[in-house]
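Peer 1: Structure in structure tokens, see below.
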Amino acid sequence: MDIRASMLQITENVERVIVGKRDVIELCLVALLCEGHILLEDVPGTGKTTLAKAIARSLGCSFKRIQFTPDLLPGDVTGILYFNQKEQEFEFRPGPIMTQVVLADEINRATPRTQSSLLEAMQEQQVTVDVETLKLPRPFLVLATQNPIELEGTFPLPEAQVDRFLIRIALGYPNEEDENEILLRYEREDPLETLEPVVQAEELLAMQQYVRTMRVEESVREYIVKVVRATREHNGVELGVSPRGTLALYKTSQALAAIRGRDFVIPDDVKLLAPAVLTHRIIISPQTRLRGRRPEEVMVEVVNTVPVPVED
């Protein structure tokens with residue numbers, strides 16, 4: 001199975017819309033192959049929603065968008081049971097979560113009760129409405145966006161929910177050359193409108209299974225465990241990464257190896273992915289925060305303290 005070729009097709013398709021962010025697109029593809037969820041966090045106007053839409057349109061999957069607002073209710077996400085007077089029985093009206101790719105736009109604008117309605121779907125790929133439990137279609141992917149700057153009228157995601165996201169990504173501003181290219185590309189039309197699927201859902205499911213066969217040597221597996229344990233022992237970290245984070249780093253390393261055309265994981269895969277996979281899973285201490293240090297800086301420091309295994 002040539003995963004590298006398929007992922008390159010998706011990358012080139014998304015790059016018709018998103019300019020100069022190949023590393024970010026690669027991280028999104030890693031999450032796709034692991035059937036994990038993505039949290040896109042950055043200032044307004046950097047292309048978070050556009051990236052999410054471009055990825056969804058590049059897959060032959062059903063797609064729904066949920067605009068999160070303070071008055072959104074859990075039933076608006078999961079669906080409701082209502083009484084059909086004509087049939088004289090209760091029927092289920094599915095919500096937008098009952099699809100393959102969900103764009104949860106500005107997720108931190110909804111109340112904690114509504115945010116938590118995504119927890120079961122993200123972790124167990126099912127939703128429970130009253131007494132009825134329904135399986136979600138596969139593949140199932142949540143792409144959530146949030147703005148970390150504008151805090152008025154927002155509800156920060158609880159740690160338990162942030163931990164459900166496999167990867168957290170920040171797009172950042174484009175450089176001067178890329179920004180000029182954006183102007184040229186969007187001058188006459190929006191390229192997102194003409195974007196077509198390049199990989200079908202069935203192909204993606206097969207690739208997700210194949211990624212699990214990527215070989216991980218004992219030394220690399222031990223390196224993954226040591227990196228995670230180092231987050232729990234760092235004096236600037238109040239709460240380190242849980243075993244769920246260890247599994248996430250393991251699976252994403254397998255996916256990155258497949259994307260780069262290898263059937264085995266190398267330590268560089270782990271080192272590259274650790275900031276995106278683990279940073280949102282740590283809580284730095286108040287003293288560290290008062291010194292003006294950010295979790296991203298602490299995570300890089302943690303990774304650099306763990307010796308990288310070398311070949312004998």
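Peer 1: Hey, with R₀ at 30 Å, roughly what FRET efficiency would Thr305 and Tyr186 work out to, going by the Cβ-Cβ distance, to 0.05?
Peer 2: On the way: r = 44 Å, r/R0 = 1.46.
Given R0 = 30 Å and the Cβ-Cβ separation, E is 0.10.
Peer 1: What per residue convex hull volume, in Å³, comes out for the range 212-305 when only alpha-carbon positions are used?
Peer 2: Hull volume normalised by residue count: 81 Å³.
Peer 1: Compute the projected area of the convex hull of the Cα atoms of the chain, averaged over all viewing directions, and report it in nm² to one decimal place. Intermediate results must be reported in sequence, preceding the final value.
Peer 2: Values: hull surface 76.4 nm².
That works out to 19.1 nm², a quarter of the Cα hull's surface.
Peer 1: Follow-up. Please enumerate, by chain and number, the lysines with C-alpha under 30 Å from the C-alpha of Lys48, excluding those fewer than 8 residues away in the same chain.
Peer 2: Straight-distance partners of Lys48: Lys21, Lys64, Lys135, Lys251, Lys271.
Peer 1: Give me Thr50, Thr145 ranked fewest to most by other Cβ atoms within 10 Å of their Cβ, as a rough exposure proxy.
Peer 2: Neighbour counts put them in this order, fewest first: Thr50, Thr145.
Peer 1: OK, next. What number do you get for the range 90-153 when its Cα radius of gyration is normalised by 2.2 N^0.38 Å, N = residues?
Peer 2: So the Cα radius of gyration is 1.22 times the expected 2.2 N^0.38 Å.
Peer 1: Just to be sure I understand the rule: take each whole DSSP H helix in the chain, project its Cα atoms onto its long axis, keep it if the span is 18 Å or more and its mean Kyte-Doolittle hydropathy is at least 0.0. Which ones pass? Present the calculation step by step, with values, prior to reporting the outcome.
Peer 2: On the way: long enough: 218-233 (22 Å, -0.47); 243-259 (24 Å, 0.34).
Those that pass (Cα extent of 18 Å or more, hydropathy at least 0.0) are 243-259.
Peer 1: Right, here's the next one. Counting Lys and Arg as +1 and Asp and Glu as -1, what is the net charge of the other residues whose Cβ lies under 14 Å from the Cβ of Thr111?
Peer 2: Around Thr111, the surrounding residues sum to -1.
Peer 1: Quick one: which residues, 5 or more positions from Gly95 or on another chain, have an amide H under 5 Å from its amide H? H modelled 1.01 Å from N in the peptide plane, none for Pro or chain starts.
Peer 2: Long-range HN contacts for Gly95: Gly79, Ile80.
Peer 1: Can you pull out the GluC sites (Glu not before Pro) in the range 108-177 whose DSSP state is coil and whose Cβ has at most 11 other Cβ atoms within 10 Å?
Peer 2: Taking the range 108-177 and a limit of 11 other Cβ atoms within 10 Å, the loop GluC sites (Glu not before Pro) found are Glu152.
Peer 1: Additional query: Over the alpha-carbon set of the range 24-154, divide Rg by the Kirkwood Rh and report the Rg/Rh ratio to two decimals.
Peer 2: Here Rg/Rh amounts to 1.00.
Peer 1: Report the trypsin sites (Lys or Arg not before Pro) located in the range 1-95 that are in a DSSP loop and have at most 15 other Cβ atoms inside 10 Å of their Cβ, or state none. List each step's numbers first, then the result.
Peer 2: On the way: sites: Arg4, Arg16, Lys21, Arg22, Lys48, Lys53, Arg57, Lys64, Arg65, Lys86; in loops: Arg16, Lys21, Lys86.
Those satisfying the criteria are Arg16, Lys86.
Peer 1: Okay, next question. Determine, for Val298, Val225, the number of other Cβ atoms within 10 Å of each Cβ, and report the residues in order from fewest to most.
Peer 2: By the 10 Å Cβ count, ascending, the order reads Val225, Val298.
Peer 1: Mind checking the full-extension length gain between Arg232 and Asn175? Use 0.36 nm per residue of separation minus the Cα-Cα distance, one decimal, nm.
Peer 2: In short, 16.9 nm is gained.
Peer 1: In nm, to one decimal, how far is the modelled label at Glu296 from the one at Ile283, with both set 7 Å along Cα→Cβ?
Peer 2: 2.2 nm
Peer 1: Could I ask something else about it? Of Asp178, Asp269, how do they rank once you tally other Cβ atoms within 10 Å and put the fewest first?
Peer 2: Asp178, Asp269
Throughout, read-outs are computed from the coordinates displayed, never taken from laboratory work. Keep in mind that this is a model prediction, so the values were computed, not measured. Cβ coordinates were reconstructed from backbone atoms using ideal geometry, including for glycine residues, and neighbour counts include every protein chain displayed.
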